[in-house]
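The values are calculated or read from the model by the stated rules, or taken from the named source; none is laboratory data. Computed from a prediction, not measured in an experiment: that's the story for all the values here. Note: ideal-geometry Cβ built from the backbone for every residue, glycine included; neighbour counts use all protein chains shown. For accessibility, only protein heavy atoms count, side chains too; no ligands or nucleic acids. Shrake-Rupley method; radii C 1.70, N 1.55, O 1.52, S 1.80 Å.
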Amino acid sequence: MQKLPFVNHEKLKEITAQYPTPFHLYDEAGIRHTVRSVHEAFSWNKGFREYYAVKACPNPFILKLLKEEGCGVDCASLTELKMAEALGFSGDDIMFSSNETPAVEYEYARKLDAIINLDDITHIDFLAAHGGLPERICLRYNPGGELLVGTVYMGQPDSSKFGMTKQQIFSAVQRLMQLGVKRFGLHALLASNAADNNYYPANAMILFDLAIDLKKKLGAEIFMVNLSGGIGIPYLPEQTMPDIGAIGASIQEGFAKTLGAAGLGNVNLATELGRFMTGPHGCLVTRAIHKKHIYKEYIGVDACAVNLMRPAMYDAYHHITVSGKEDALCDHVYDVVGSLCENNDKFAVDRALPQIDDGDLVVIHDTGAHGYSMGYNYNGKLKSAEIMLHPDGSFSMIRRAETVKDYFATFDFCDILDGVSDE
Ligand SMILES: *Cc1c(COP(=O)(O)O)cnc(C)c1O
């Protein structure tokens, strides 16, 4: 199947006339559409809430849009908490799913009355000492072993650093009840980028069973089951989008059979989707600036792994479209590479593409989650701008590109770089 960008060549020419490449471009209409599809899929659960995983795309304009659509936010650091606070999120709007949490972060999360998602049993005393225990809390579960759904392998919880064992969950709930905590949520994140429609329902069933157990054996009041993130997106052209409607329906069925039957039908479901919400609705727009022929054919572009780290970090596939050449024959084989002094700075290796000429606009797909946000500053390369394409075809900058001065800003305590300019 042909995989096309959400932006056509004419529009891209218009945008690049105003904003130099490289930049990440986001599709507001696409994001809104996906949020609505998630809300629809879980509309059978009265207290349902999607807490967008801020780390996936921590841009306040995007968070504001998600807030308008009714989402909460899932934060994991002080900076993310402060961004959420500035946008007017508070209390039950914020999930705080941190791990190895510094004291100041718990204190700040408590100040905002965020829902604390406790990663470890030892954090009970730590949180009590730093911010104090809340009235309601969520606990992060790690069932260990391998996660198999039928015969399909989905993840390796026993080598994941997150969450508590079953026994620890029971001890934690007991202890927290003694300390005055009244209501409990349960959370698990057992896979990442799961393409299979069965992952999310399987994760849900594990938590539903645990909730019933805790209720039965300890009399704990369970107010929420948090399914976390992990639903995948089709990075490859031959993949299809997970069917969120079918996923919601399957969880509804499991919910009725377990929680519903056990008298726990009023439990709220929560999700912390990141990739699924925004991943397909962003792309990295870059320009071909060099062509090199040695033992292979290389196309050098003006973006690099600083702008999108997933290919270098995970060997991840990101589809590439040469804008304006959507229908041209893919009769060339290229490595599409960035400018870092690192041989893993390759957006594509041995990729069949149309002939690429200097100046061509190259669109790297599916960068709307874990794209810009994973960036860094190796080689002193600067982070790009972010642009939002609005439903009416207009567009606006939602983050400017970094400048050399920004890079030097952490030397502002001394005068050694005074006089350095961006020119
Ligand atoms: C990363 C993360 C998510 C989001 O994961 P996606 O793969 O983007 O859906 C949600 N919850 C927690 C705790 C995470 O660490």
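Looking only at segment 207-216, filter to residues that are surrounded by fewer than 18 Cβ atoms within 10 Å (Cβ to Cβ) and out of contact with any helix residue (DSSP H, G or I) (no Cβ under 7 Å at 6 or more places or on another chain); which one of those is nearest to D243 (Cα to Cα)?
D213
Can G282 be described as within 16 Å of the ligand (Cβ to nearest atom), closer than 28 Å to A316 by Cβ and out of contact with any helix residue (DSSP H, G or I) (no Cβ under 7 Å at 6 or more places or on another chain)? I'd like the intermediate steps shown before the answer.
Details: within 16 Å of the ligand (Cβ to nearest atom): yes; closer than 28 Å to A316 by Cβ: yes; out of contact with any helix residue (DSSP H, G or I) (no Cβ under 7 Å at 6 or more places or on another chain): yes.
Yes, satisfied.
Restricting to segment 288-305, count the residues that are in a strand (DSSP E or B) and either hydroxyl-bearing (S, T, Y) or outside the structural domain of N343 (by TED's automatic domain parsing) (or both). Talk me through it step by step, then tell me what you get.
Our first condition is that a residue be in a strand (DSSP E or B); within segment 288-305, this holds for 288-293, 297-301.
Those still in the list that are either hydroxyl-bearing (S, T, Y) or outside the structural domain of N343 (by TED's automatic domain parsing) (or both) too: 298.
Qualifying residue count, segment 288-305: 1.
Quick check on segment 62-77: of everything there that is more than 16 Å from the chain's Cα centre (by Cα) and not in a helix (DSSP H, G or I), which residue is surrounded by the fewest Cβ atoms within 10 Å (Cβ to Cβ)?
Looking at the filtered set, the residue picked out is G70.
Select from segment 285-295 the residues that are open to solvent by 10 Å² or more (accessible area, probe 1.4 Å) and in contact (Cβ under 8 Å) with a residue 40 or more places away in the chain and write down the one among them that is nearest to the ligand (Cβ to nearest atom).
Initial filter on segment 285-295 (open to solvent by 10 Å² or more (accessible area, probe 1.4 Å)): 287, 289-295.
From the residues that got through so far, the ones that are in contact (Cβ under 8 Å) with a residue 40 or more places away in the chain too are 287, 289-291.
Details: R287: 28, I289: 31, H290: 33, K291: 35 Å.
It comes out as R287.
Would you tally the residues in segment 169-206 being open to solvent by 10 Å² or more (accessible area, probe 1.4 Å), of a type in the set (F, W, Y) and under 20 Å from D92 (Cα atoms)?
The number of residues fulfilling the criteria is 0.
Here are some conditions: (1) within 16 Å of the ligand (Cβ to nearest atom); (2) crowded, with 21+ Cβ neighbours inside 10 Å; (3) not in a strand (DSSP E or B). L269 meets all but one. Which one does it not meet?
(3)
Looking only at residues in segment 125-162 that are among the charged types (D, E, K, R) and under 20 Å from the mean Cα position of the chain (by Cα), which one is nearest to the ligand (Cβ to nearest atom)? Steps first, answer last, please.
Step one: of segment 125-162, the residues among the charged types (D, E, K, R) are 125, 135-136, 140, 146, 158, 161.
If we keep only those that are under 20 Å from the mean Cα position of the chain (by Cα) as well, we get 140, 161.
Details: R140: 8, K161: 11 Å.
Per the criteria, the residue is R140.
Considering only residues that are in contact with an Asp or Glu (Cβ under 9 Å, 6 or more places away or on another chain) and either under 24 Å from G232 (Cβ atoms) or at pLDDT below 95 (or both), which ones fall in segment 159-196?
Scanning segment 159-196 gives K161, F162, G163, H187, L189.
Where in segment 163-258 are there helices (runs of 4 or more DSSP H), lying fully within it, with 1 or more residues that are of a type in the set (K, R) and away from the ligand (no atom under 14 Å from the Cβ)?
It comes to 166-178, 199-218.
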